Every structure is written in structure tokens, then in C-alpha cells.
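Note sheet for the following structure.
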Amino acid sequence: MLLGVHLTVYLLFQMIAVLLYKWGSTDPKYYWWGFVVGNIFSLASIFSFMYVHKGLHPNIALAVCTGGAFVICQAALFVFYKQALAPWQWCGFAVILGGILLVAFGGGMKVS
């Protein structure tokens with residue numbers, strides 16, 4: 001239960017940080033706001049990342065957190081900034097998502 005909360009917080013805070021970084025890059029007057037507030041969310045997400053490591057095998061934690069953050073951040077940038085993606089980029093999304101699922105549900109690894 002708590003593991004799911006920390007994973008959700010990690011992914012949500014990473015997404016917020018990336019959106020703030022992008023927002024900060026849109027105009028020089030937003031740059032430092034995006035940089036500072038984005039880094040606050042990014043730093044806060046690391047606390048949740050460490051808790052995820054407590055409950056999962058380290059390889060699974062890394063794959064789910066970093067791969068999941070990549071996928072969710074790309075999706076958020078697509079939704080908020082309306083940047084079209086090429087078909088091969090969509091294929092890349094699918095491959096990364098498939099890799100996360102294979103690592104997470106591949107079985108056999110116990111928490112050490």
C-alpha cells in the first residue's frame with residue numbers, strides 16, 4: 001500500500017518538475033521560477049524514490065521509477081504542449097513501457 005503511494009508521488013513529482021522546467025524555458029521571466037520550483041519537486045521526489053527502493057528489488061525499482069517517469073513526463077509534455085510525435089516515437093513509448101512491464105513482472109527476484 002505505502003509502496004504504491006511512494007511510487008505515485010515519485011512519478012507525479014517528476015512530471016510536475018519536468019512541466020515546470022519546460023514552462024521556465026518558454027520565457028526569460030519564467031526561467032528562474034521554473035528552475036527553482038522544478039528542482040524543489042525533483043528533490044522531493046527522491047525521498048519517495050528511496051522508499052520505493054525499500055520495498056522493491058533495486059533493479060525493479062530503477063526500471064519502474066526511471067522508465068515510468070520518462071513515459072509519464074513524455075505523455076504530460078504531449079498533452080500540455082501539444083507537440084506531435086512521429087510514429088517511431090510512439091513505438092519507442094511502447095517499447096519502453098513493455099520493458100518496464102517485463103522487468104516489473106518478469107518474476108523471480110526477491111527483495112534483498
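Here, each number is a calculation from the coordinates, and none is a lab measurement. All values derive from a computational prediction rather than experimental measurement. As a convention, Cβ positions derive from the backbone with ideal geometry for all residues, glycine included, and neighbour counts pool all protein chains shown.
Data table
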item: FRET efficiency for F93 and N59, using Cβ-Cβ distance with R0 set to 30 Å, rounded to 0.05; result: 0.90
item: Range of Cα positions in the stretch 1-103 per principal axis (Å), largest first; result: 42, 34, 18
item: Span-rule helices in the chain, defined as complete DSSP H runs reaching 18 Å or more along the axis (Cα) with Kyte mean at least 1.6; result: 68-81, 87-105
item: Rotationally averaged projected area of the stretch 21-70 (alpha carbon convex hull; nm²); result: 3.6 nm²
